[in-house]
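Have a look at the structure below before the remarks.
The values are calculated or read from the model by the stated rules, or taken from the named source; none is laboratory data. As the structure is a prediction and not an experimental result, all values here were calculated from the model. Every residue, glycine as well, gets a Cβ built from its backbone with ideal geometry; the counts of neighbours run over all protein chains shown.
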Amino acid sequence: MVKVLVAAPLHEKAMEVLKNAGFEVVYEEYPDEARLLELVGDVDAIIVRSKPKVTRKVIEAAPKLKVIGRAGVGLDNIDLEAAKERGIKVVNSPGASSRSVAELAVALTFNVARKVAFADRKMREGVWAKKQCMGIELEGKTLGVVGFGRIGYEVAKIASALGMNVLLYDPKPNEERAREVGGKFVSLEELLKESDVVTLHVPLIDATRHLINEERLKLMKPTAILINAARGAVVDTEALIKALQEGWIAGAGLDVFEEEPLPADHPLTKLDNVVLTPHIGASTVEAQMRAGVQVAEQIVEVLKG
């Protein structure tokens with residue numbers, strides 16, 4: 001019988017897909033490498049999330065392994081080179097969380113614009129900080145979307161419905177999709193100069209590491225908001241802290257960080273004009289269900305030939 005090791009929490013609908021295919025499913029939540037080595041000896045497939053790591057050592061210990069599934073977007077925790085050498089297929093579900101990440105980016109924008117987190121903290125301290133909580137409306141403002149892929153498209157669609165003007169930057173502009181959201185492609189520099197809110201939706205590659213640096217932060221309006229729900233290292237953290245402290249920009253909403261988990265004493269945690277969330281862009285019931293089911297279906301396709 002085909003055997004699938006599920007090494008991370010998976011939605012029950014995804015488990016049903018595997019079982020309905022007639023597969024034996026073994027579940028163990030986040031085993032470490034030593035335990036994985038014990039489990040993979042006779043498995044045909046492994047499913048993980050952002051952890052555990054499927055290392056070369058694990059792959060070499062699994063002679064029957066045909067496919068590795070990542071229920072999510074990134075493949076950082078899978079040794080792709082080792083898998084390729086063995087002819088093992090690697091599948092994931094990049095589109096499953098697009099809407100969830102997009103909605104979080106918009107939620108962070110609202111939160112910073114209306115100082116919701118700051119107001120909440122003050123209320124819990126017994127402080128009625130009404131005068132300090134003057135915010136801005138989003139209608140009529142300009143949103144700059146850096147990276148117009150699946151998530152950037154969803155964010156632009158929501159922003160357009162809110163009555164925002166939409167500017168777009170992407171190395172490979174898709175004019176047809178831009179028209180769907182009423183967006184206009186411009187250079188990165190023009191986008192940073194003209195936008196009231198800048199939201200980042202690019203992968204972390206050499207070209208995007210510290211894409212938003214001191215020089216580019218200084219291009220932004222002093223009233224602007226920066227949102228990052230992509231990857232932490234797309235933004236130069238030290239430059240951002242300086243920008244927030246010295247008023248180069250008005251505020252930021254961050255779901256991702258160069259160092260994760262973010263230490264409790266990190267300088268960002270001391271700033272009132274930044275909203276922080278612990279990398280929860282894909283953490284919705286719907287996204288987790290879609291990610292699991294999509295990967296399970298691909299596993300079935302591979303193993304059924």
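Determine whether V67 is under 26 Å from the mean Cα position of the chain (by Cα) and on the phi < 0 side of the Ramachandran plot. Criteria met by V67.
Checking R177, R121, R216 one by one, the residue that is modelled with pLDDT of 95 or more, over 21 Å from A230 (Cα atoms) and part of a helix (DSSP H, G or I) is R121 and no other.
Identify the residue in the range 148-174 that is assigned to a loop (DSSP other than H, G, I, E, B) and in contact with a Phe, Trp or Tyr (Cβ under 8 Å, 6 or more places away or on another chain) and, among all such residues, is surrounded by the most Cβ atoms within 10 Å (Cβ to Cβ). Among those residues, the one meeting the criterion is F148.
Scanning the range 154-167 for residues that are within 18 Å of E190 (Cβ to Cβ) and either among the β-branched types (V, I, T) or free of Cβ contacts under 8 Å to residues at least 24 places away in the same chain (or both) yields one hit, V166. Inspect all residues belonging to the range 127-147 and state whether any of them is within 19 Å of L108 (Cβ to Cβ), of a type in the set (K, R) and at pLDDT 95 or above. So far as the range 127-147 goes, yes, one or more of its residues are within 19 Å of L108 (Cβ to Cβ), of a type in the set (K, R) and at pLDDT 95 or above.
Condition check ((1) over 14 Å from V295 (Cβ atoms); (2) at pLDDT below 95; (3) crowded, with 16+ Cβ neighbours inside 10 Å; (4) not charged (D, E, K, R)) across all residues:
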residue	(1), (2), (3), (4)
E29	yes, no, no, no
L37	yes, no, yes, yes
G41	yes, no, no, yes
A62	yes, no, yes, yes
L75	no, yes, yes, yes
E81	yes, no, no, no
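What number of residues within the range 32-54 satisfy the criterion of being under 23 Å from the mean Cα position of the chain (by Cα) and either farther than 20 Å from V302 by Cβ or among the hydrophobic types (A, V, I, L, M, F, W, C) (or both)? Total meeting the criteria: 8.
Considering (1) of a type outside the set (A, V, I, L, M, F, W, C); (2) on the phi > 0 side of the Ramachandran plot; (3) in contact (Cβ under 8 Å) with a residue 40 or more places away in the chain, the lone condition that G126 does not fulfil carries the number (3).
Yes/no matrix, rows are residues, columns are (1) among the basic types (K, R); (2) more than 30 Å from L10 (Cβ to Cβ); (3) buried (at least 21 other Cβ atoms within 10 Å of the Cβ):
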{"site": "L191", "(1), (2), (3)": "no, yes, yes"}
{"site": "L200", "(1), (2), (3)": "no, no, yes"}
{"site": "D206", "(1), (2), (3)": "no, yes, no"}
{"site": "K242", "(1), (2), (3)": "yes, yes, no"}
{"site": "L254", "(1), (2), (3)": "no, no, yes"}
{"site": "L268", "(1), (2), (3)": "no, yes, no"}
{"site": "D272", "(1), (2), (3)": "no, yes, no"}
{"site": "T277", "(1), (2), (3)": "no, no, no"}
{"site": "A287", "(1), (2), (3)": "no, no, yes"}
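Residue-wise test of (1) over 22 Å from H279 (Cα atoms); (2) surrounded by fewer than 18 Cβ atoms within 10 Å (Cβ to Cβ); (3) touching a Gly at 6+ places or on another chain (Cβ under 7 Å); (4) of a type outside the set (G, A, S).
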position	(1), (2), (3), (4)
H210	no, yes, no, yes
E214	yes, yes, no, yes
I225	no, no, yes, yes
R231	no, no, no, yes
G251	no, no, no, no
D265	no, yes, no, yes
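For the range 148-173, a tally of residues being more than 12 Å from A102 (Cα to Cα) and within 19 Å of the chain's Cα centre (by Cα) returns 3.
For the range 59-102, the tally of residues that are in contact (Cβ under 8 Å) with a residue 12 or more places away in the chain, in a loop (DSSP other than H, G, I, E, B) and not basic (K, R) stands at 18. Looking for something of a type in the set (V, I, T) and at pLDDT below 95 - is there at least one such residue anywhere in the range 65-73? Within the range 65-73, one or more residues are of a type in the set (V, I, T) and at pLDDT below 95.
Would you please name the residue that is nearest to V101 (Cα to Cα), looking only at residues in the range 197-213 that are assigned to a loop (DSSP other than H, G, I, E, B) and hydrophobic (A, V, I, L, M, F, W, C)? Here the answer is V202. Annotation: of all residues in the range 124-145 being touching a helix residue (DSSP H, G or I) at 6+ places or on another chain (Cβ under 7 Å) and not in a loop (DSSP other than H, G, I, E, B), the one that is surrounded by the fewest Cβ atoms within 10 Å (Cβ to Cβ) is C133.
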